[in-house]
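Asks: The following block contains the structure, expressed as structure tokens.
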Amino acid sequence: MTDSRTLPHDTDAEKSALGAALISPNAANQVFTHLSADHFFWPQHKLIYRAIVDIYRRGEPVEVLSVRAQLAKSKKLVEAGGDIYLTDLSAHVLTATNVGYYVGRVRELGTKAIAIEELTRIASQGYHDSVDSDELLVATEDALARFRLLSTSDEKTIEGFSTMGSFVDETDEEHDWLVPGVLERMDRVIVVASEGAGKTTLARQCAVMLAAGLHPFDPTERIKPVRTLYIDLENPPPLVRRKARQLMNHGRRVEGWDEDRCWRWTRPGGIDLRKPHDQHLVERVIVESRCEVVFCGPLYKAFAEGGGEKAEQVNGQVARILDTFRARYGIALWLETHAPMEQNGQRSLRPMGSGVWLRWPEFGLALRRKPGEPKAVTVERFRGDRDERAWPHKLKYGTPWPWEAVYDDGFPIEEARH
């Protein structure tokens, strides 16, 4: 199936943008900053643009002679139209005053053309039996990511890049707290414990308390309510329902409770975050719940190993996928996982599996059962905290909420919170 229609473009705008760049340093800067070769429709304009970029990056003046020399050096001068075409371009505009309009026009139409080409290519793949739906989904997501980049950002503006001096001279931003003193937006937390130590109960409790606008470690303190999503990848729905019912009853008694702030997704068979279909499902529940924190576990049920791949590689891929969701939606991640089985009479409280999870989170919490205290756990670390936060030193069974936080004497909890 073919389409005889010509891709969107504006020849005059392309010539005017390049012509302005040949007569004005400011125009050359705008063309370099806001356009890419892919935005141009005509092949000769792509070549001239690339020559301008090469010259600009060397810090040399962009003008007809320098562009001609660059094209001649790369043996592209004839293909780009030759001397006459370059001279005509420089004379195409009398002034570079309107270069912003021309650049915007080229960018807008070029982005549309790129989207049409990409989506048409993907659609054509769908007619081949050798291409499965997961491959089409990955190709579509890649195309959309490229389209977002071209349509909403300046391709050559590198986010987060500056001199160190200008960076430290900026005014410090206020903490974007979800839980004052404890959890900030986009934090990554992994909680590890042995089976039955209460890490899943803690995750459910935090999900409900945050949605109710209660500090999870001090229910007497009201905080701004937080939208939460609890993902259970192991337990059957009836069990989750029974365990969560009491928590929800407590949450519903809090003034201002809103059912729309607390969501759950139960997948007792687990998921595989390395599969496009499951990635898409996770992204859907994040978008539809509009969550700010995702509580998820156990971690080992979030992906499948196999195929002879090394654990470090597999777990690294999963970590990158989670970071993509985190960056795209500004969410904090609270993951729970099991500790390895006991060896030589000792139980190591570190994440089971790859060392990726030792390095990945900002906060690695380990819940250790207290000898002689069956209704309490100490809150230890399997890695050092990356920031100072007011995590409790111990958790003990409480009422009405299952876990009650305990802090060591003299710990500056108020200062840490605020």
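Asks: When the Cα centres of region 162-235 and region 312-390 are compared, how far apart do they sit, in Å?
Replies: Computed from Cα coordinates, the inter-centre distance equals 14 Å.
Asks: Also: Indicate, rounded to the nearest 5 percent, the antiparallel portion of the DSSP beta bridges found entirely in the chain. All intermediate terms of the calculation are to be shown ahead of the outcome.
Replies: Working: 18 of 43 bridges.
Of the beta bridges lying entirely in the chain, close to 40 percent run antiparallel.
Asks: With a Förster radius of 41 Å, plug the Cβ-Cβ distance of residue 220 and residue 280 into 1/(1 + (r/R0)^6) and report the FRET value to the nearest 0.05.
Replies: Working: r = 41 Å, r/R0 = 1.01.
With R0 = 41 Å, the Cβ-Cβ based efficiency is 0.50.
Asks: Exposure proxy check: 290, 50 ranked by fewest other beta carbons within 10 Å?
Replies: Ranked by crowding around the Cβ, least crowded first: 290, 50.
Asks: Could you work out the helix-only [θ] at 222 nm for the chain, with each DSSP H run of four or more residues adding -39,500 (n - 2.57) and the total divided by the number of residues, to the nearest 500 deg cm²/dmol?
Replies: -14000 deg cm²/dmol
Asks: Report ³J(HN,Hα) in whole Hz for each residue of region 75-81, in order, from the Karplus equation J = 6.51 cos²θ - 1.76 cosθ + 1.60 where θ = phi - 60°; Gly and Pro get x.
Replies: So the J values, rounded to whole Hz, are 6, 10, 4, 5, 4, 8, x.
Asks: I've got another one for you. Where Rh is the Kirkwood radius over the Cα pairs of region 11-152, the temperature 20 °C and the viscosity 1.002 mPa s, what D in µm²/s does Stokes-Einstein return?
Replies: Details: Rh = 16.2 Å.
Using the Kirkwood radius from Cα pairs, D works out to 132 µm²/s.
Asks: Next up: Which one is right for this structure if mean projected area of the Cα convex hull in nm² is calculated from it: [x] 21.0; [y] 19.8; [z] 28.6?
Replies: [z]
Asks: Continuing with this model, one more query. Just want the ordering: 254, 282, from fewest to most Cβ atoms lying within 10 Å of their own Cβ.
Replies: Numbers: 254 16, 282 21.
Ascending number of Cβ neighbours within 10 Å: 254, 282.
Asks: Let me ask something additional. In what sequence, highest mean first, do 71-82, 98-109 appear when ranked by Cβ atoms within 10 angstrom? Please report the intermediate quantities before stating the final value.
Replies: On the way: 71-82: 15.7, 98-109: 18.7.
Output ranking for 71-82, 98-109: 98-109, 71-82.
Asks: In this model, which of 199/394; 199/370; 199/243; 46/75; 301/370; 370/396 are farther than 19 Å apart at the alpha-carbon? Numbers along the way, then the final one.
Replies: On the way: 199/394 13 Å; 199/370 15 Å; 199/243 13 Å; 46/75 14 Å; 301/370 27 Å; 370/396 10 Å.
Result: 301/370 exceed 19 Å.
Asks: Moving to a separate point now. With the chain treated as a Gaussian network of Cα nodes joined by springs under 10 Å, which of 274, 328, 227 yields the largest mean-square fluctuation?
Replies: 328
Asks: Going by Cα centres, region 23-97 and region 98-133 are how many Å apart?
Replies: Between the Cα centre of region 23-97 and that of region 98-133, the gap is 24 Å.
A short reminder: the numbers here are calculations on the coordinates, not readings from a lab. Fair warning: this is a prediction, and the values are worked out from it, not measured in the lab. Quick reminder, even Gly has a Cβ in these numbers, built from the backbone with ideal geometry, and neighbours come from all protein chains shown.
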